[in-house]
Structures are given as C-alpha cells and as structure tokens.
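Below you'll find the structure, written out as structure tokens, and then a few comments.
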Amino acid sequence: MSKTVVVLGGGIAGIATAHKLLKHTLPKLPGLKVVLVSASTHFYFNIAAVRGLIPGEIPDESLFQAIEPGFAKYPKGSFEFVVGTATALDLAGNAVQVSAAGGQDRTLVYDQLVIATGSSLANDVPFKTLGSYDETIQAWHKLQDQIKAAKSIVVAGAGPTGVETIGELANKYGTSKKLTLVIDGEVALPALLPSVGKAAESELKKMKVELLHKVRVTGVEDAGSEGTKLSLSDGKTLTADVFLPLYGVRPNTGFVPAHLLDAAGSVKVDKTLRVEGQTNVWAVGDVNNVELKVAMRAESQTVHLFPNLEAALLGKGDAALAEYKPSAQMMMFVTIGKKKGTGQIGTFKAFSFLVSYMKGRTLFVEKAPPLVAGKSMIRAAI
Ligand SMILES: Cc1cc2nc3c(=O)[nH]c(=O)nc-3n(C[C@H](O)[C@H](O)[C@H](O)COP(=O)(O)OP(=O)(O)OC[C@H]3O[C@@H](n4cnc5c(N)ncnc54)[C@H](O)[C@@H]3O)c2cc1C
C-alpha cells in the first residue's frame, strides 16, 4: 500500500530526512511518496552567515543552494517539493495546511509527518531564512550594503553567533569601523566555560573591539542620518550605523497545536523523537525540545530519527523504535575571524589553531552542495 511522508522544513534536518527516505526506504517500500514543504526554494547555510554578511566574502551561490534539483534523480512520482509555509496541523485528520507560493492553500494528507521547521532569531536579522528566498536574499543584500557603508556597528548578544559575527567584522575591517559587543553578563559565551569566554574576549580586545559588560540593550530608536540610537540598561545610550541584535532563538512552531509545545515553544518529543502522545508525528532538529539548538545536534538527531521513521513506515511496531541519547558532552567551536577561535571539547578549552583549522577556514560552507544533493550532512553520510 502506498504511503506518504510529509516533511516540513527545508533545513539540514528536513532535507536530509527527505533524501534518506527516498534513498534507503523507497527501494523497500515501493509507492512511498515524500513531500518536502519549504518556505524557501533555497537551503541557507546559516553557519557561514557570520562571514557572509561581509560583502564579497562568500558568494550567494555558496550560501544559498536550490533544493529541488537535488531530488530530480528519484523516480517520478516519489517526490514532491511544495514551496510554502505550514499554517495549521489537523492531528485527527492526519493533514497539514500549507499556504503555498502563488497564493494557493494546500491540504497535505500524511501517513507520517516530520516537523523540521527549525528556529528563527528573535529579531529579523537575515541570519536565518526570512520567509521566501526572494525575501531572504533582499534582506541579506540590504544588510551587506549597510555593513559596507557603516562606520560603526553594535552587536548585542555574546553567544556564539554574536562573538563569531563581531570577530569576522574585526578581522575584516580592523579599526576602520568602530565595533562594539554588548555582553549581557560578566563574560562572553556564557554557556561555555568562563575560560573559553575569556579567551574570546582577549582576541576581540586585541582586535580593538569595544566590549561592554553587564548591560542589555533596552530600547532601539531610529535616529535618522545618525543611524540607530540604543538605550542601555545602565542608563547610557549608544548610536550606531548598524545594530545587530543577535540573541534569542524562537522555534518555528506557530502552526503546531499548543498542547504539543513546551513553555519555550519547542515541540515536545519522547525518547524516540516522536511527538509526545502521537503515533505518526515526529520532530527533529532545532524545532524540538531535546537539546541545544545547533546543527551538529540536528544532524545527530536526523541520523537517529531515520531508522525509527523507517520502522514505523514498514509497520514494525513500537518495539523497533530506538531511544535517542542526547550528547552529554559539550562540544562547540567558536571562530574569531578566519585564523583565530576558541571553544570547548568536554571540559577542556579548545586550542585556537584547532578551531581555525577545523572550522574557521571555510565555516563548512563546502558542506552545503552535498547536503542538497543527498550525499552527506556536516559529518554524517545521508
Ligand atoms: C548565524 C548562525 C550561525 C550558526 N552557527 C552554528 C555553528 O557554528 N554550529 C552549529 O552546530 N550550529 C550553528 N547554528 C545553528 C544551526 O544553523 C541550526 O542548529 C540548524 O540550522 C538547525 O537545522 P534545522 O534543520 O533543525 O532547522 P533550520 O535550519 O531552522 O531550518 C528550518 C527550515 O524550515 C523552514 N520553515 C520554518 N517554518 C516553516 C513552516 N511553517 N513551513 C515550512 N517551512 C518552514 C525555514 O525557512 C527553514 O528553511 C548557527 C545558526 C545561525 C543562525
């Protein structure tokens, strides 16, 4: 009997899951149909956005890859690419409503549903897809133009994205632009060992980045030709030509019924990565409530999800489902420009040369084409 899997989201988790089903499950289950729904026609390799925002550093064609051509090799009728946004989920009817490009609404009926709609930044910085590809690329080029013209740039948020972004800007522009990093706490990179945050700060200071500690941006005002006026929690103000608020991550779950979400809006899953209380709905990657919202974890989850999803499609029963064990070890590399970096491996601080060798040289942007082609993710094969 033919089965339909609807996969929502054209990020690492969604694209790899769709390819895995077509590559490995379709031969065992003729008649399988995979429908991939993506708000954007293009996959966006976010990890490299922190360098890509500098005009000329990373071409658009490397950062944004068309998704559909990678699926052309599968048998006719086995794959459908729907450019659109999931807007509502009917669990009882096994159906998802999609507002498709061109203004039509579609109802997609599924046997199994995979929610892989990821997350957005809390502010509309185009470091993640902003709706369609056209909307994203327009916002992206506008930001690149603003960065080029700016004499002063303030980044707020000293997590990995904020630190990597200010590091790239300092590496490229040196003191020709005034660069400021607003750090909420005592030290940058608060989720990592204090020694890692201190190492990052030490590099940034050498590059003449101004570091403001224990303050938050509390107000943002358009100051016309003077740029943006920022009010700070210590009562002071700052003006900047470009302000990048790089804090806060929001799961893309507006279409998911509230009882399936935790307090932060992430989809609650059980140990098999199936949505709590559901028999045929799964959630993988940034969108779920399992662990840190980073690509490396999204990848591990995708690798784990696939045999469970396949077992469900093949009617093997719940006993065949394996439990996912979130990584207990902290592993994070934070680049500071192309040649420097810091990070954490377990309870150890990573050496700067290791981070720059492993990640800083290319920010893994070469991993995007094999992903959309269905060959590999960042480390794992598809
Ligand atoms: C600037 C930046 C740097 C990063 N650096 C690193 C790093 O160095 N290392 C690391 O491990 N991780 C990093 N990350 C995190 C990493 O990008 C995410 O963990 C990863 O992208 C998660 O993949 P995903 O497939 O779960 O979701 P996403 O990448 O968020 O993809 C979800 C997709 O679903 C689409 N979508 C959303 N809502 C809907 C809807 N309703 N209907 C249809 N489609 C929808 C979105 O447009 C998007 O294309 C970084 C993130 C950013 C923003």
| query | Which far-off residues, 5 or more places away or on another chain, put their amide H under 5 Å from the one on residue 220, with H placed in the peptide plane? | reply | 231
| Extension gain (nm, one decimal) between residue 87 and residue 176, 0.36 nm per residue minus Cα-Cα | 27.5 nm
| Hey, what do the phi angles of the range 89-105 turn into as Karplus ³J(HN,Hα) couplings, whole Hz, using 6.51/-1.76/1.60 and θ = phi - 60°, x for Gly and Pro? | 10, 10, 5, 5, x, 6, 9, 10, 8, 10, 8, 8, 4, x, x, 7, 9
| request: Compute, for residue 348, the solvent-accessible surface of its heavy atoms (probe 1.4 Å) with the complete set of protein chains present, and express it in square angstrom to the nearest 10. | output: 150 Å²
| Listed here are the pairs 340/375; 214/236; 20/76; 208/339; which of them are more than 21 Å apart at the Cα? | 340/375
| note | For residue 281, other-chain or 5+-apart residues with amide H closer than 5 Å (H placed, Pro excluded) are 113, 275
| request: For every helix of n ≥ 4 consecutive DSSP H residues, a contribution of -39,500 (n - 2.57) applies; sum these over the chain, divide by its total residues, and give [θ] at 222 nm rounded to the nearest 500 deg cm²/dmol. | output: -7000 deg cm²/dmol
| Heavy-atom accessible area ranking, 1.4 Å probe, most first, across 366, 61, 201 | 61, 366, 201
| said: Could you give the length gained by full extension between residue 61 and residue 353, i.e. 0.36 nm per residue of separation minus their alpha carbon distance, to one decimal place? | reply: 102.3 nm
| query | Can you work out the FRET efficiency for the pair residue 111 and residue 135, with r the C-beta to C-beta distance and R0 = 25 Å, to the nearest 0.05? | reply | 0.20
| query | Spin-label point model (7 Å from Cα, Cβ direction): what's the residue 381 to residue 225 distance in nm? | reply | 6.3 nm
| message | For the full complex of protein chains and a 1.4 angstrom probe, list 3, 73 by accessible area with the highest value first. | response | 73, 3
| query | So if R0 is 51 Å, what FRET efficiency would residue 80 and residue 339 give, r being the distance between their Cβ atoms, rounded to the nearest 0.05? | reply | 0.70
| query | Are any of the pairs 268/338; 128/177; 198/271; 198/325 more than 29 Å apart by Cα-Cα distance, and if so, which? | reply | 268/338; 198/271; 198/325
| task | Determine the relative contact order of the chain: mean sequence separation of Cα pairs under 8 Å and six or more apart, normalised by residue count, in whole percent. | result | 19 percent
| said: Could you check the spin-label model distance between residue 362 and residue 142? Points 7 Å from the Cα along Cα→Cβ, value in nm. | reply: 3.3 nm
| Between residue 336 and residues 5 or more places away or on another chain, which pairs have amide H atoms under 5 Å apart, with H built 1.01 Å from N, and which residues are they? | 341, 342
| Contact order relative to length of the range 29-111, as percent, for alpha carbon pairs under 8 angstrom and 6 or more apart | 28 percent
| note | Net charge (Lys, Arg +1; Asp, Glu -1) of residues whose beta-carbon lies under 11 Å from that of residue 180, residue 180 excluded, is +2
| Extension gain (nm, one decimal) between residue 319 and residue 124, 0.36 nm per residue minus Cα-Cα | 65.9 nm
| query | Over the range 137-294, what relative contact order in percent results from Cα pairs under 8 Å that are six or more residues apart? | reply | 19 percent
| query | For the chain, taking Cα atoms only, what is the radius of gyration to one decimal and the Dmax to the nearest whole Å? | reply | 21.4, 67
| So how tilted is helix 194-206 from the main axis of the chain? Cα-based, degrees 0 to 90, rounded to 10. | 50 degrees
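The values are calculated or read from the model by the stated rules, or taken from the named source; none is laboratory data. Worth saying up front: this structure is predicted, and the values here are computed from it rather than measured. Cβ sites come from the backbone with ideal geometry, for glycine too, and all protein chains shown count toward neighbours. Ligands, DNA and RNA are stripped out before the accessible areas are found, and what is left, the full protein with its side chains, is counted by its heavy atoms. Shrake-Rupley method; radii C 1.70, N 1.55, O 1.52, S 1.80 Å.
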